[in-house]
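Here is the structure we will look at.
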Amino acid sequence: MTAGKNAGMSAMATAGTTAGTTAGTTAGTTAATAAGLCDALGGAHERAQGEVRIVSLVPSLTELLFDLDLGSSLVGRTGFCVHPRDDVRRVPKVGGTKDVDIAKVRAAAPTHLVVNIDENERPLVDALRGFVPNVIVTHPVEVADNLALYRLLGRVFDRDGRAAGLCAALQRELDASLALSFDEVSVLYLIWRNPWMTIGAQTYIAKMLATVGLRAVAPPSDVRYPQLDFDDFGADRFDAVLLSSEPYRFGPEHVAELGADPRVGSRPAMLIDAEMTSWYGSRAIAGLRYLREFRRAFDAERGRRAHGTVENVQP
């Protein structure tokens, strides 16, 4: 998840397929749905034919496309698309997730554009629809939504076998997390500073945290990533603070800052790897493993505090 997280493209979710193109006839959409070829807005897609040229405007989906053995088909990415670190460098950059250079995308002559409702803003996507034949819109919210995401991209780009392998791996990790019992703990997950910002309960990050019993809390708001006023929110609403590594790069100095803030009280503050919590796609597989280990470190820190140790630690 990158900065500008208040989801300017979120209007696409309510606008449905009016975001620039129609999904085709009802019959065609129904058939595509049955075949697993409908995207997050209900847009119907066909299996790609001939040369495939993909521009990805979503870092986690760029990584997923490589894991689906589609790296050679990528002709454009954002500067935030950094994984797989060695292979992705050969893919030309077309800007950021929101400040895309439309001329560069046009010059790449993509057959497919991969975007996300939270990451990419609707006016930008509408502009790109004018010359990109196929725009695939994604919006995983539940962790298990990754299964449909794998299958969609696998079917569109003829990588069904690779997609099935990812589905099996994710399901194993989901089962491993479900097999464990965690006491529910309320956490304040911070993603930005000046102003402080956090995550809503219906975000993908919150769903990932919930797999290990961490319940994200936030001020009442209609936006998915609300601003936070510590004076109004109150430390009695949360048991710990989690400081995300992106979009704001929190570090040990911020852990110390919050540890000394009377508005946080004695609640522990810990750094957390945002790539493991907010990157859907294939990263979710490692993310679930990471969160189980994080929860063990989290519980150990709370135990130390219960016995009088007040030093913040990082897992």
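The values are calculated or read from the model by the stated rules, or taken from the named source; none is laboratory data. Just so it is clear, the structure is predicted and the values come from calculations on it, not from any experiment. All Cβ positions, glycine included, derive from the backbone under ideal geometry; neighbour counts span all protein chains shown. Areas reflect the complete protein model, heavy atoms only, side chains present, ligands, DNA and RNA absent. Shrake-Rupley method; radii C 1.70, N 1.55, O 1.52, S 1.80 Å.
Return a yes/no flag: does the stretch 254-273 have any residue that is under 16 Å from the mean Cα position of the chain (by Cα) and within 27 Å of VAL82 (Cα to Cα). Yes: the stretch 254-273 contains one or more residues that are under 16 Å from the mean Cα position of the chain (by Cα) and within 27 Å of VAL82 (Cα to Cα).
So that you can scan it fast, the table gives a plain yes or no per residue for (1) farther than 22 Å from THR97 by Cα; (2) in contact with a Leu (Cβ under 8 Å, 6 or more places away or on another chain):
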| site | (1), (2) |
| --- | --- |
| TYR225 | no, no |
| LEU228 | yes, yes |
| PHE238 | yes, yes |
| LEU242 | yes, yes |
| PRO252 | yes, yes |
| PRO262 | yes, no |
| PRO268 | yes, no |
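Suppose the filter is out of contact with any His (no Cβ under 7 Å at 6 or more places or on another chain) and on the phi < 0 side of the Ramachandran plot; does VAL137 pass it? So VAL137 passes the test. All of GLY154, GLY165 fail the test of being outside any loop (DSSP other than H, G, I, E, B) and out of contact with any Leu (no Cβ under 7 Å at 6 or more places or on another chain), apart from GLY165.
Taking the listed residues PRO92, PRO59, the one that is modelled with pLDDT of 90 or more and open to solvent by less than 20 Å² (accessible area, probe 1.4 Å) is PRO59, with no other qualifying. Of the residues making up the stretch 174-185, none is among the β-branched types (Val, Ile, Thr) and over 30 Å from ARG267 (Cα atoms).
Determine, yes or no, whether LEU174 is open to solvent by 20 Å² or more (accessible area, probe 1.4 Å), within 24 Å of ALA286 (Cβ to Cβ) and part of a loop (DSSP other than H, G, I, E, B). Here the answer is no, as LEU174 does not meet what is asked. On the basis of being under 18 Å from the mean Cα position of the chain (by Cα) and surrounded by fewer than 17 Cβ atoms within 10 Å (Cβ to Cβ), does ALA144 make the cut? Criteria met by ALA144. Exactly one residue out of ARG305, ARG292, ARG296 is assigned to a helix (DSSP H, G or I), under 22 Å from the mean Cα position of the chain (by Cα) and surrounded by fewer than 19 Cβ atoms within 10 Å (Cβ to Cβ), and it is ARG292.
Note on the stretch 79-101: residues that are under 25 Å from ALA44 (Cβ atoms) and more than 21 Å from the chain's Cα centre (by Cα) total 0. Screening GLY71 on (1) crowded, with 24+ Cβ neighbours inside 10 Å; (2) out of contact with any Pro (no Cβ under 7 Å at 6 or more places or on another chain); (3) not hydroxyl-bearing (Ser, Thr, Tyr) shows it passes everything except condition (1). Just one residue in the set GLY213, GLY234, GLY265 is at pLDDT below 95, of a type outside the set (Asp, Glu), open to solvent by 10 Å² or more (accessible area, probe 1.4 Å) and in contact with a helix residue (DSSP H, G or I) (Cβ under 9 Å, 6 or more places away or on another chain); that residue is GLY265.
Among the residues of the stretch 105-125, none qualifies, meaning not one is crowded, with 19+ Cβ neighbours inside 10 Å, in contact with a Cys (Cβ under 7 Å, 6 or more places away or on another chain) and assigned to a helix (DSSP H, G or I). Considering only residues in the stretch 244-262 that are open to solvent by less than 20 Å² (accessible area, probe 1.4 Å) and out of contact with any Lys or Arg (no Cβ under 9 Å at 6 or more places or on another chain), the one that is nearest to ALA218 (Cα to Cα) turns out to be SER244.
Just one of the listed residues (ARG155, ARG162) is more than 19 Å from the chain's Cα centre (by Cα) and more than 20 Å from GLY43 (Cβ to Cβ), namely ARG162.
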